[in-house]
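Trainee: Pasting in a structure now, in structure tokens, and then I'll have a few things to ask.
The values are calculated or read from the model by the stated rules, or taken from the named source; none is laboratory data. Computed from a prediction, not measured in an experiment: that's the story for all the values here. Here Cβ is always computed from backbone atoms with ideal geometry, including for glycine, and neighbour counts include all displayed protein chains. Ligands, DNA and RNA are stripped out before the accessible areas are found, and what is left, the full protein with its side chains, is counted by its heavy atoms. Shrake-Rupley method; radii C 1.70, N 1.55, O 1.52, S 1.80 Å.
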Amino acid sequence: MFSAAIVMNYLLASAVTAFIGIATRSRKLLDLVAIAMATTGLILSISLMFNTINYGVSTYMFGGFRPPLGVVYYADFISSSLSLLSSFATVVSIILACISMDQSIRRYFYPIAFLLIAGVHSFLFTGDIFHLYVATELVTITSCALTAIYSDKRNAIRATLIYGIAGTAITSFLLLSVILVYGSYGTVNIADIALKSIDPKAVTPFSGGVFGEIVSASITALAMITWVFLFKSGIMPTHFWLPRVYRSAPIASLVLFTSSSDILGVYGILRIYRILFSENSVITSFRNTMLFSLTAISTISAFLSALLTARQDRVRGIVAYSTITQLSLALAGVISRDSEAVAGGLLHISVNALGDTSILTGYTIYMKNRDIDNFSSRLAKVLIMIGFLNLFGLIPIVPGFWSKALMTKGFLDDGNIVGVATVLISTGLCAIGYFRFAINILLREQTSKFKVVSTEGRYFLNTTILLLLIAIVLGLGIGLTLNPQILNIIVELVSRSIDVDTYIANTFNMVNR
Amino acid sequence: MDMLIVAFTTTAIALIVNIVIATYGIFTDRSLLKKVISLLIFSDTLSVFAILIGFRIPKVVSSPSPPIHLDIPGTVKDIEEFLTRTVDPIPQAFIITAIVINLAIFSFLAGLLLQYYKHFGSLDVHVLEEEEVVDEVY
């Protein structure tokens, strides 16, 4: 029930902020409503998380139609934790927009940002592959709109066109995969497809048995879907759009991208390989070949992007290539056979999002306020340092250490020495870029060539968001350090979430809860 | 009747060839306008492909009919006959959704193309990129 409520909240927020933006010129009302609706989404995501941990999977049948007839939402620990991450990023992004964007732009930013988050949550919760396609399209088009929101910036228009054309073309391959899967399996429900890919003789209510030859359709669909999701997360060699977008989009949009839309590729690959075409499916041999290829791709992508991170000297470049590196590491984790590596990979997605959000928020507030408000400026510097330490991940008081530790332990248990080397070497290479930039910020003089924008009325927002981020990153890291037992609970919950039999059973015995 | 099977297969092959050509256009053409046109062809080809999936070959079914059942509530025999004769409506539902999405996307891309032309005076994707002001906070 919470899952549908979250999506509805964001859709409503999009409509309400669009209406207020058109109907009134009141800046305060628009900001207040946007922050309130983003906070409501965050509260709903927290409720969903507690519900999932205490009572298991949360499900919702649209219109009361039972699966596989109707569209269903399925929220387990993985999707609810990523939902929490996205909702939190939305709050930060909205506050950042209040701080750094012009009033005329915010009127457009809020509705599009809420629409993006509605699409992201639909993607996270859906139990239907056609709905997955619709959510992907929604995320693609809103991401493009958020990149090009300053239409007078020519590089933003250029980046958006390249991303928009490539993204739409590649998402069309997702539609082609859905058509192929429907043509052979006779259903678009993920649990139904998962069941029939394990047992082609299975007959389910409404959809019956399989329609046709499922092996070649599954192979083609798996290959295409993998390509689509690699593109969505900007894993090399499909990364060409990501650095351009990160160099051109507003910072508030970047916070949303790094915490919500860019993580969908890795999450999608996890769902496809663990649930849709699981270990015992009819295409096991091809699936294993694809997993081997994905391991090679993620390793090469992590190395190359870490090298490029080391060469960057601007914050946007560092965040862009660092995101590719961290998502490549997360991908290596989630496709591993070991549950600890999978949990580590998923935790690493959150770590990357928190790290990037900290750096971008700290940097924005530092650049806007350093000559006016020394307290905010110093706090912003602290947040930037914490963000880099979190991405570096070799100090236990930040969560980045624990995600890398979990992945490394998982790779070791699995006998994957290359995975361990990838984590360590890419960390070292990225550290060059991180610390060079961090030292520059620490040593930078107070006078600057950058335009100083008035912070009138924004002091409260600046300090709140800085303190909130510092508390969350350090709180999470210190909590994991003092009580490592939490990691075992996370591994256990993740293992349950990626069990295909549990997924099928929960979907077919579904009640709204 | 065999001619119908040949026509059906030919259509399927033609659609696959269309997909390949459109993909080639999207990824290799220098003109952004031609890329968008290729994308449009690709999307429409997929729509026809989906409709083909739900199609019933007349050789198998004597007279295919649209998925509209008028005899309500109808007997079991009526419903069974209805199920064997009608085309599958689900691909049509997919495509109507995809068409609506594509309308939004192509309108947006058309607007972007206009902006691109306004800024660069060309629709060539390889037009010289400016030095970016990457540290600008906005």
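Trainee: Among A:28, A:381, what's the order by accessible area (1.4 angstrom probe), most exposed first?
Mentor: Listed by decreasing accessible area, they come as A:28, A:381.
Trainee: Let me ask you something else. If you take the charge dipole of the protein assembly as shown about its Cα centre, with +1 on Lys and Arg Cβ and -1 on Asp and Glu Cβ, which of B:83, A:144, A:462 is farthest toward its positive end?
Mentor: Selected residue: A:462.
Trainee: Could I ask something else about it? Of B:81, A:137, A:213, which has the most accessible area with a 1.4 Å probe, and how do the rest follow in descending order?
Mentor: Working: B:81 85, A:137 5, A:213 110 Å².
Most to least solvent-accessible, the answer reads A:213, B:81, A:137.
Trainee: Which of rounded, prolate, oblate describes the range B:2-120, given a ≥ b ≥ c as roots of the alpha-carbon gyration tensor eigenvalues and a/c under 1.5 marking rounded, otherwise prolate only if a/b is larger than b/c?
Mentor: Because a/c hits 1.5 or more and a/b fails to exceed b/c, the range B:2-120 counts as oblate.
Trainee: Could I ask something else about it? Give, in nm to one decimal, the length gained when the segment between residue A:296 and residue A:481 is fully stretched (0.36 nm per residue of separation minus the Cα-Cα distance). Before the final figure, lay out the partial values.
Mentor: Working: separation 185, 0.36 × 185 = 66.60 nm, distance 3.19 nm.
Length difference between fully extended and current span is 63.4 nm.
Trainee: How far apart, in nanometres, would the label points at residue B:5 and residue B:37 be if each is projected 7 angstrom from Cα along the Cα-to-Cβ direction?
Mentor: Output for this residue pair reads 3.9 nm.
Trainee: Which parts of the range A:156-188, residue by residue, lose 40 Å² or more of accessible area when the rest of the protein chains are there, as against the chain isolated (1.4 Å probe)?
Mentor: Relative to the lone chain, where solvent access is computed with a 1.4 Å probe, the range A:156-188 loses at least 40 Å² at A:157, A:158, A:161, A:165, A:168, A:169, A:172, A:173, A:175, A:176, A:179, A:182.
Trainee: If each DSSP helix of 4+ residues adds -39,500 (n - 2.57) and the sum is divided by the residues in the protein assembly as shown, what number results at 222 nm, nearest 500 deg cm²/dmol? Could you put the intermediate results ahead of the total?
Mentor: On the way: 24 runs with 477 residues, N = 651.
Computed ellipticity for the protein assembly as shown at 222 nm equals -25000 deg cm²/dmol.
Trainee: List the pairs from A:28/A:153; A:232/A:368; A:196/B:77; A:232/A:409; A:28/A:368; A:153/B:35 whose alpha-carbon separation is above 25 Å, in the order I gave them. Before the final figure, lay out the partial values.
Mentor: Numbers: A:28/A:153 27 Å; A:232/A:368 31 Å; A:196/B:77 29 Å; A:232/A:409 28 Å; A:28/A:368 20 Å; A:153/B:35 22 Å.
From the list (A:28/A:153; A:232/A:368; A:196/B:77; A:232/A:409; A:28/A:368; A:153/B:35), the Cα-Cα distance tops 25 Å for A:28/A:153; A:232/A:368; A:196/B:77; A:232/A:409.
Trainee: Suppose we compare each residue of the range B:84-130 in its chain alone and in the full protein complex with a 1.4 Å probe; which ones drop by at least 50 Å² of accessible area?
Mentor: B:94, B:101, B:105, B:108, B:112, B:119, B:120, B:129, B:130
Trainee: Additional query: If you add up the charges near residue A:419, with Lys and Arg at +1 and Asp and Glu at -1, over every other residue whose beta carbon is less than 14 angstrom from its beta carbon, what do you get?
Mentor: Details: positive: A:337, A:404, A:409; negative: A:338, A:340, A:413, A:414.
Residues near residue A:419 contribute -1 overall.
Trainee: With every protein chain left in place, what is the accessible area per residue of the protein assembly as shown in square angstrom, probe 1.4 Å?
Mentor: Value returned for the protein assembly as shown: 39 Å² of accessible area per residue.
Trainee: What angle do you read, to the nearest 10 degrees and between 0 and 90, between the alpha-carbon axis of helix A:485-497 and the longest principal axis of chain A?
Mentor: Here the helix axis deviates by roughly 40 degrees.
Trainee: Moving on. Please compute the length gained on full extension between residue A:467 and residue A:284, using 0.36 nm multiplied by the number of residues separating them and subtracting their Cα-Cα distance. Write down the numbers at each step before the final one.
Mentor: Details: separation 183, 0.36 × 183 = 65.88 nm, distance 4.87 nm.
Separation in residues times 0.36 nm, less the Cα-Cα distance, equals 61.0 nm.
Trainee: Taking chain A as the reference, fit the longest principal axis to its C-alpha atoms, fit the long axis of helix A:339-369 to the helix C-alpha atoms, and give the angle between the two in degrees, 0 to 90, nearest 10.
Mentor: The angle comes out near 20 degrees.
Trainee: Related question: Excluding ligands, DNA and RNA, what is the accessible area buried between chains B and A, summed over both sides, using a 1.4 Å probe, to the nearest 100 Å²?
Mentor: Summing both chains' loss of accessible area gives about 4400 Å².
Trainee: Moving on. Go through A:154, A:311, A:106 and list them by solvent-accessible area, largest first, probe radius 1.4 Å.
Mentor: Accessible-area ranking of A:154, A:311, A:106, largest first: A:311, A:154, A:106.
Trainee: Angle check, please: helix A:77-100 long axis (alpha carbons) against the longest principal axis of chain A (alpha carbons), in degrees 0 to 90, nearest 10.
Mentor: 30 degrees
Trainee: Can you tell me the length gained on complete extension of the stretch residue A:5 to residue A:220, counting 0.36 nm per residue apart and subtracting the Cα distance?
Mentor: Contour length minus the Cα-Cα distance gives 73.9 nm.
Trainee: Where does the charge balance sit around residue B:33 when Lys and Arg score +1, Asp and Glu -1, over other residues with C-beta under 15 Å from its C-beta?
Mentor: Surrounding charge for residue B:33 is +3.
Trainee: Still on this model: Give the relative contact order (percent, whole number) for the range A:295-482; include only Cα pairs under 8 Å separated by 6+ residues.
Mentor: 28 percent.
Trainee: Here's another thing I want to ask about it. Using R₀ = 41 Å, calculate the FRET efficiency as 1/(1 + (r/R₀)^6) where r is the Cβ-Cβ separation of residue A:46 and residue B:92; round to 0.05.
Mentor: My answer for the efficiency is 0.50.
Trainee: Also: Carbon and sulfur together cover what percent of the accessible area of the range B:2-120 at a 1.4 Å probe radius?
Mentor: Here it works out to 72 percent.
Trainee: Kindly identify the protein assembly as shown as rounded, prolate or oblate by the Cα gyration tensor criterion: order the square roots of the eigenvalues as a ≥ b ≥ c, call it rounded if a/c is under 1.5, otherwise compare a/b with b/c, prolate if a/b is larger, else oblate.
Mentor: Since a/c reaches 1.5 and a/b is larger than b/c, the shape of the protein assembly as shown is classed as prolate.
Trainee: Between the range A:6-20 and the range A:54-102, what is the separation of their alpha carbon centroids in Å?
Mentor: If you average the Cα positions of each part, the centres end up 14 Å apart.
Trainee: Let me ask you something else. Once a ≥ b ≥ c are taken as the square roots of the eigenvalues of the Cα gyration tensor of the range A:1-53, is the result rounded (a/c under 1.5), prolate (a/b larger than b/c) or oblate (a/b not larger than b/c)?
Mentor: oblate
Trainee: Could you calculate the FRET efficiency of residue A:311 with residue B:127 from 1/(1 + (r/R0)^6), where r is the beta carbon distance between them and R0 is 30 Å, rounded to 0.05?
Mentor: After rounding, the FRET efficiency stands at 0.75.
Trainee: If contacts are Cα pairs under 8 angstrom and at least 6 residues apart, what is the relative contact order of chain A in percent? Could the numbers behind the result be given before it?
Mentor: Working: 860 pairs, mean separation 79.9, N = 513.
Relative contact order of chain A: 16 percent.
Trainee: Let me cross-check residue A:180: its accessible surface, 1.4 Å probe, with only protein heavy atoms counted, in Å² to the nearest 10?
Mentor: Accessible area of residue A:180: about 40 Å².
Trainee: Okay, next question. Hey, can you list the residues from the range B:6-38 whose accessible area shrinks by 50 Å² or more with all protein chains present, relative to the chain by itself (probe 1.4 Å, no ligands or nucleic acids)?
Mentor: SASA drop of 50 Å² or more in the range B:6-38: B:27.
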